[in-house]
Amino acid sequence: MASAETDSKSLFSLESYHVSEEHGFILPEPLEELPPYYKPWMDIALRVPELVHSHELRSHVNKMPLLSSTFLQKHRELRLAHLALSMMTMGYIWQEGEKNTAEILPQNLAVPYWEVSQRLGLPPIITHADAVLANWKKKDPDGPFNMQNLELLVRLPGGESVRGFFLVTLLVELAGVPAVRSIPTVINGVRCSDTEAVARGLEIISKSIEDMTDALRLMQVYVDPSVFYGIMRIYLSGWKDNPCMPKGLIYEGVQTEPMEYSGGSAAQSSLLHCFDELLGVKHEPKSASFLIRMRDYMPPLHKKLIQDISLQPSLRNFVQQQDCKDLNKAFDLCVTKLLALRSYHINVVSRFITVPAARARQLREQNHDSDGEIISRAPTALEERGTGGSGIMSFLKTVRDQTKDTLLPEASKEVKHHS
């Protein structure tokens, strides 16, 4: 059992990582408005979909005044500014699709965007922390945190499917909150050899991961695969590992050389990184280097939490040393639920990317007059890639297989036997 002498100061806690008890990594109550000085930004940011549709976004941005970022004081002001500038940037670059990308981001957008990014420790491109974690409000402030009562602050082109995509992802994050809250229970339990505490924490994490999978199922209700593939994906794409923008992007007034950044990606969610470090999932080198690079797209304190979890004593070794059936079972259940989440994610990616990509290829080969088919508008360069720049299916399957290898030896035999 726990040693009474454990110094409370040395206990692992979430207090210093900008993680909320109620919302986890989600930004609690994001601001909806910036100070009046920044009205020119918000006026354009709130109209990105219509201005892209009418091919006028670039001309509006080009006429925008160059504003100083110094009047943004609070963290939530900076987050809303980063979100608004991100949405404008993605619309600006991709307004004309993959054929006529902007190679220079104009100074009046690039300079404040760079400054706000530097202050937040985020890159100057749209991230999961912007589009999902800081892009929500409740219609009724006292109402539930669900699809009916949630709305986006700022949108990209894609209509209701954009709302569905970002808000379902937000609900997946929310479902993961009990798991995040239980991570310190598990870590402190391992430190003081309290097998009951560890098993209890792992059971909560298992249930929470199962709830994340259930939340992810809402994608098929709220997002149209052809709209996601044909319209939305390009606006989440970056300028690293992207054949449409092989040189990257010049941020005018920041530096003369082009810079490369990956687009928004589910791999930028801190949740799965935390689970991998806690459970001891060992990724093969190529996947690991992509995942570690994605941590630079997270708020710095969230990245630090992941690193600090990785420095704790090994949970898997502790479980193996205890020779306790209940503990083994709790650990393996946790890995199994993470495996199920990753398998379901592959299923989602297949439905939203692989199948529409095959259809788009077929239309091109048949030289159809395919204006009626939304998917034919999708950039060909992205066919096999995720918006973060990874070769998506091989990456996801490798990550899933490495998760399976984390099961304890006996359970691993069982899984291999059944699969």
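Here are a few things to note about the model shown:
- Residue 303 being at pLDDT 95 or above and basic (Lys, Arg): yes
- Test: residue 251 is among the aromatic types (Phe, Trp, Tyr), modelled with pLDDT of 95 or more and surrounded by fewer than 18 Cβ atoms within 10 Å (Cβ to Cβ): no
- Residue 282 satisfies every condition listed in (1) under 30 Å from residue 75 (Cα atoms); (2) modelled with pLDDT of 95 or more except (1).
- Test result for residue 353, more than 30 Å from residue 226 (Cβ to Cβ) and either assigned to a loop (DSSP other than H, G, I, E, B) or modelled with pLDDT of 80 or more (or both): no
- Looking across 270, 287, 262, 314, one residue alone is out of contact with any Asp or Glu (no Cβ under 6 Å at 6 or more places or on another chain), small (Gly, Ala, Ser) and within 20 Å of residue 18 (Cα to Cα). It is 270.
- Pair list, Cβ under 7 Å, 6 or more apart: region 126-138 residue closer than 14 Å to residue 168 by Cα, other residue part of a loop (DSSP other than H, G, I, E, B) and acidic (Asp, Glu): 137/32
- Count of residues meeting criterion [touching a Gly at 6+ places or on another chain (Cβ under 9 Å) and over 15 Å from residue 410 (Cα atoms)] in region 312-345: 3
- Count of residues meeting criterion [small (Gly, Ala, Ser), assigned to a helix (DSSP H, G or I), farther than 27 Å from residue 314 by Cα and more than 18 Å from the chain's Cα centre (by Cα)] in region 148-186: 1
- Residue 53 meets each of the listed conditions (1) out of contact with any helix residue (DSSP H, G or I) (no Cβ under 8 Å at 6 or more places or on another chain); (2) buried (at least 16 other Cβ atoms within 10 Å of the Cβ); (3) not aromatic (Phe, Trp, Tyr) apart from (2).
- The combined condition, being closer than 26 Å to residue 344 by Cα, of a type outside the set (Val, Ile, Thr) and not in a loop (DSSP other than H, G, I, E, B), is fulfilled by residue 202.
- Residue 42 fulfils the conditions (1) within 26 Å of residue 251 (Cα to Cα); (2) part of a loop (DSSP other than H, G, I, E, B); (3) not polar (S, T, N, Q) except for a single criterion, (2).
- Check on residue 337, surrounded by fewer than 16 Cβ atoms within 10 Å (Cβ to Cβ) and at pLDDT 80 or above: no
- Of residues in region 187-227 being within 24 Å of the chain's Cα centre (by Cα) and β-branched (Val, Ile, Thr), the one nearest to residue 158 (Cα to Cα): 227
- Apart from one condition, residue 145 fits all of (1) surrounded by fewer than 19 Cβ atoms within 10 Å (Cβ to Cβ); (2) in a helix (DSSP H, G or I); (3) among the aromatic types (Phe, Trp, Tyr); the exception is (2).
- Taking the conditions (1) modelled with pLDDT of 95 or more; (2) within 18 Å of the chain's Cα centre (by Cα); (3) of a type in the set (A, V, I, L, M, F, W, C) in turn, residue 266 satisfies each one other than (1).
- Number of residues in region 108-137 that are out of contact with any helix residue (DSSP H, G or I) (no Cβ under 9 Å at 6 or more places or on another chain) and not charged (D, E, K, R): the value is 3.
- Output for region 105-160, where each listed residue is in contact with an Asp or Glu (Cβ under 8 Å, 6 or more places away or on another chain), closer than 25 Å to residue 64 by Cβ and either modelled with pLDDT under 95 or not hydrophobic (A, V, I, L, M, F, W, C) (or both): 106, 107, 123, 137
- For region 18-50, the set of residues classified as surrounded by fewer than 19 Cβ atoms within 10 Å (Cβ to Cβ) and touching a Ser or Thr at 6+ places or on another chain (Cβ under 8 Å) consists of 28 only.
- Lone qualifier among 237, 269 - being on the phi < 0 side of the Ramachandran plot, in contact with a Ser or Thr (Cβ under 6 Å, 6 or more places away or on another chain) and of a type in the set (Ser, Thr, Tyr): 237
- Pairing residues of region 162-180 that are under 23 Å from residue 234 (Cα atoms) with residues that are among the basic types (Lys, Arg) and not in a helix (DSSP H, G or I), at Cβ distances under 6 Å and at least 6 apart in sequence or on separate chains, gives 162/155.
- Candidates 285, 300, 243 - the one that is surrounded by fewer than 16 Cβ atoms within 10 Å (Cβ to Cβ) and without any contact (Cβ under 8 Å) to a residue 12 or more places away in the chain: 285
The values are calculated or read from the model by the stated rules, or taken from the named source; none is laboratory data. Keep in mind it's a predicted model, so treat the numbers as computed, not measured. Don't worry about glycine lacking a Cβ; one is built from the backbone with ideal geometry, like all the others, and counts go over all protein chains shown.
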